[in-house]
Amino acid sequence: MSEFIVTFAGGDICFQYQDEAAASFLALLFADLHGTTAAEYEKVFVFVQTRDSEQYCLLCDGEELFTGQLDVAFAATVFDRVIFHFLDTKKGGLAIHAGAVICQGKVVMLPGQSGFGKSSLTTWLIGYSCSYLTDELVFLPEDNSQPACYFTRPLCIKTGSLPVVEEIADQDDLLDTSGHDRIAGSNGAVLPHRLFNPDYTPTPDPPELFLFPAYQAGASLVIEKVSSARGVALLMECAVNARNLSGHGFQQVAEIARNTPMYRVVYGSFAGMDVALAELLEITE
Amino acid sequence: MNLNRVPVLEADYYLERFDDEITVYHPTLTTAVYLNETGALIWELCDGTRNIAEIIGLLEEAYPENRDQIQSGVVDIIAQLVEKKIVTLAEQVPDV
């Protein structure tokens, strides 16, 4: 068995696999979280090819977690399991459900629960010459001398958001999987972020600006300042490992809110977003 | 809402003040509530001894120019806190 190590926020997970297809799948999913061999792993997942060679089983602790082709649904399961593991074990800081990009040299974080338009806005920002960091998870250590960790994964695009992505990418063959470097299906796509983000550089910097997306169909663009008190309430809703932390991380969230500007972005389309964002970045300079 | 009820805060919450605003977080309920200046004032008055009518009366006395909006404002905010389960409404002042 070969091993593929995934490292995030100081934790290591090992995937064991046997063939090239599984290796390529893991390389697509975790290209930016690929770690080195460790003496011990927090969790070991095993890819086993079934007798029907098109299908794979994902096993962990002897339990069969998923069986199917190495497609969008399989990728979603792998991400769910890995992220759940990290959330379940991380104690030294806050894990926030959020997108993040680097915009004009500063990390902009977009916290939001599912359905708030976090991924769409993150994707739009990549098209607005921001550099992608994550569309899912950020870990902010309690000790702020430690690096922030961004769960940099491929863009996981739901079917409904694909038109936005195609427009941003300006590529006719975005969903062409013949090169085996991406996955696409009726339920969405997993696309390497370097398609949009060729100059990707990881950063340990903490966020300098928070944008809370609030997608509302048909709404005009409104960007409003969020007070620190309101920011704490909004951020606590996205603190996915709060139960692991002393005081549920409330003090850390309050500290972040006191020191970082926060805005709420209500939008129904991206019309006017470029101008509004440029103004916002100037204000927070 | 019965104005004779007494708002009682759930125990063991965390509270953070930011100027005139507050955020309250309850770890068991995993609920965070943001209260603006008015909400923060109402929160302070929910000391487990005053009923809603008394809270309204105190605010009307302090802010007579806002008398028209105070009752509905207090009722709305207490309803929000009750919905989030951070406040319960007792029929009378609870024994301490």
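Three principal axis extents, largest first, for the C-alpha atoms of segment A:142-226, in Å?
Projected onto its principal axes, the Cα set of segment A:142-226 covers 45, 36, 21 Å.
From a point 7 Å beyond the Cα of A:Cys57 in the direction of its Cβ, which residues of segment A:74-97 have a backbone N at a distance under 12 Å?
none
To the nearest whole number, what is the average tally of beta carbon atoms from other chains within 10 Å of the beta carbons of peptide B:32-40?
Rounded to a whole number, the mean comes out at 4.
Report the convex hull volume per residue for the protein assembly as shown, counting only C-alpha atoms, in Å³.
So the per-residue Cα hull volume is 182 Å³.
How are the Cα pair distances of segment A:1-91 distributed, in percent, across 10 Å bins from 0?
The calculated distribution, bin by bin, is 16, 56, 25, 3, 0.
Set the Förster radius R0 to 45 Å, insert the Cβ-Cβ distance between B:Thr30 and A:His34 as r into 1/(1 + (r/R0)^6), and round the FRET efficiency to 0.05.
The calculated FRET efficiency here is 0.85.
Report, in deg cm²/dmol and to the nearest 500, the calculated mean residue ellipticity at 222 nm for chain A, where each DSSP H run with n ≥ 4 adds -39500 (n - 2.57) and the sum is divided by the residue count.
It comes out at -8000 deg cm²/dmol, rounded to the nearest 500.
At what distance in nm do the modelled label points of A:Ala23 and B:Asp12 sit from each other, each positioned 7 Å from its Cα along Cα→Cβ?
Modelled inter-label distance: 5.2 nm.
Grab the alpha carbons of segment A:216-285, take their convex hull, and tell me the volume per residue in Å³.
98
Between A:Lys225 and A:Gln104, what is the label-point separation in nm under the 7 Å Cα-to-beta-carbon projection?
Once both label points are built, they end up 1.7 nm from each other.
Taking every alpha carbon pair in segment B:48-96, what does the distance histogram look like in 10 angstrom bins from 0, in percent?
P(r) over segment B:48-96, rounded to whole percents: 25, 49, 24, 2.
Kirkwood Rh over alpha-carbon pairs of segment A:150-285, then Stokes-Einstein at 4 °C and 1.567 mPa s: what D in µm² s⁻¹, rounded to an integer?
73
At most 15 other Cβ atoms within 10 Å plus a DSSP loop assignment makes a site exposed; report the longest stretch of chain A without any exposed trypsin sites (Lys or Arg not before Pro).
Here the longest segment lacking exposed loop sites spans A:159-285.
P(r) for segment A:108-169, please, calculated from all Cα pair distances in 5 Å bins and given in %.
4, 18, 26, 25, 15, 7, 4, 3, 0
On a 0 to 90 degree scale, rounded to 10, what angle separates helix A:273-283 from the longest Cα axis of chain A?
Taking Cα atoms only, the helix is inclined about 60 degrees.
Out of residues 5 or more away from A:Phe212 or on other chains, whose amide H comes under 5 Å of its own, with H placed 1.01 Å from N in the peptide plane?
Amide H to amide H, under 5 Å and 5 or more residues apart or across chains, A:Phe212 pairs with A:Tyr263, A:Arg264, A:Val265.
Run the dipole for the protein assembly as shown about the Cα centre, Lys and Arg Cβ at +1, Asp and Glu Cβ at -1, nothing else charged, and hand back the magnitude in debye, nearest 20.
Its charge dipole is roughly 280 debye.
With each label point set 7 Å from Cα along the Cα-Cβ vector, what nm distance links A:Asp80 and A:Ser2?
Here the answer is 2.8 nm between the modelled labels.
Using a 10 Å cut-off around each Cβ of peptide A:222-234, what is the average number of partner chain Cβ atoms that fall inside?
For this peptide, the per-residue mean of nearby foreign Cβ atoms is 5.
Hey, what's the Cα Rg ratio for chain B versus the globular rule of thumb, 2.2 N^0.38 Å?
Cα-based Rg divided by the globular estimate yields 1.03.
Computed from the coordinates by the stated procedures, all read-outs in this text should not be read as laboratory data. Just so it is clear, the structure is predicted and the values come from calculations on it, not from any experiment. No Cβ is skipped: glycine too gets one built from the backbone with ideal geometry, and neighbour counts run over all protein chains shown.
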